[in-house]
1. Among the numbered criteria (1) more than 19 Å from Val117 (Cα to Cα); (2) in contact with a helix residue (DSSP H, G or I) (Cβ under 9 Å, 6 or more places away or on another chain), which single criterion is violated by Cys39?
2. Taking only pairs six or more apart or across chains, which ones have beta-carbon atoms under 6 Å, a first residue in segment 85-101 that is under 21 Å from Ala49 (Cα atoms) and part of a strand (DSSP E or B), and a second residue that is within 16 Å of the ligand (Cβ to nearest atom) and polar (S, T, N, Q)?
3. Restricted to segment 116-149, and to residues that are in contact with a strand residue (DSSP E or B) (Cβ under 7 Å, 6 or more places away or on another chain) and in a loop (DSSP other than H, G, I, E, B), which residue is nearest to Cys42 (Cα to Cα)?
4. I'd like to verify a number: residues in segment 74-117 that are touching a Pro at 6+ places or on another chain (Cβ under 9 Å) and away from the ligand (no atom under 15 Å from the Cβ), how many?
5. In this structure, does Asp109 turn out to be surrounded by fewer than 16 Cβ atoms within 10 Å (Cβ to Cβ), under 15 Å from the mean Cα position of the chain (by Cα) and farther than 26 Å from Pro127 by Cβ?
6. Mind checking whether some residue in segment 120-127 is under 22 Å from Leu15 (Cβ atoms) and either basic (Lys, Arg) or out of contact with any Asp or Glu (no Cβ under 7 Å at 6 or more places or on another chain) (or both)?
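Every number in this text was worked out from the coordinates using simple rules, so none of it is lab data. All values derive from a computational prediction rather than experimental measurement. Neighbour counts are summed over all protein chains in view; Cβ atoms, including those assigned to glycine, are modelled from backbone coordinates with ideal geometry.
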Amino acid sequence: MSEVLTGGCLTGGCLCGGVRYRYAGPLGGPLGAVTVCHCGQCRRAQGLAAAVAPARAAGFELTQGADLVREYESSPGKIRAFCGVCGSPLYSRRVADPAGLRLRLGSLDAAPEDLKVQAHIHVADLPAWAALDDDAPRYAGVEPGRRSA
Ligand SMILES: [Zn+2]
């Protein structure tokens, strides 16, 4: 597993734009696999799966809206951080590992080009409607005939 270097600063934030951050450091690589998590907690927190990359807490800095960030302890010692206005997931962290963060990749403005999902985890928790190998058609935009957003 090669280290994914960001080659400078990545930026990201939440949907409403209230929370902004920057990150400099590895994503995944020596810190662990870049994963898509299908556990029941991620499904409830984020609608379906969570794309997550381990990151270094020391490289992460909130540049705007730190007062908007809310934290929820979803399991003992595991904290999920999100925007208190729009609900966007930002990262999770473990109290026992203050040096690490697990960044929610969907919050990045632009991910490094070499960043790839390396594993799907907790697939045993996938409900039947969310099968990974479904043969539902794919559309570049929304499905034909949609009437609302
Ligand atoms: Zn927000």
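1. (1)
2. Close Cβ pairs (under 6 Å, with a partner that is within 16 Å of the ligand (Cβ to nearest atom) and polar (S, T, N, Q)) amount to Pro89/Gln46; Leu90/Ser107.
3. Checked segment 116-149; the qualifying residue nearest to Cys42 (Cα to Cα) is His122.
4. Matching residues across segment 74-117 total 5.
5. yes
6. no
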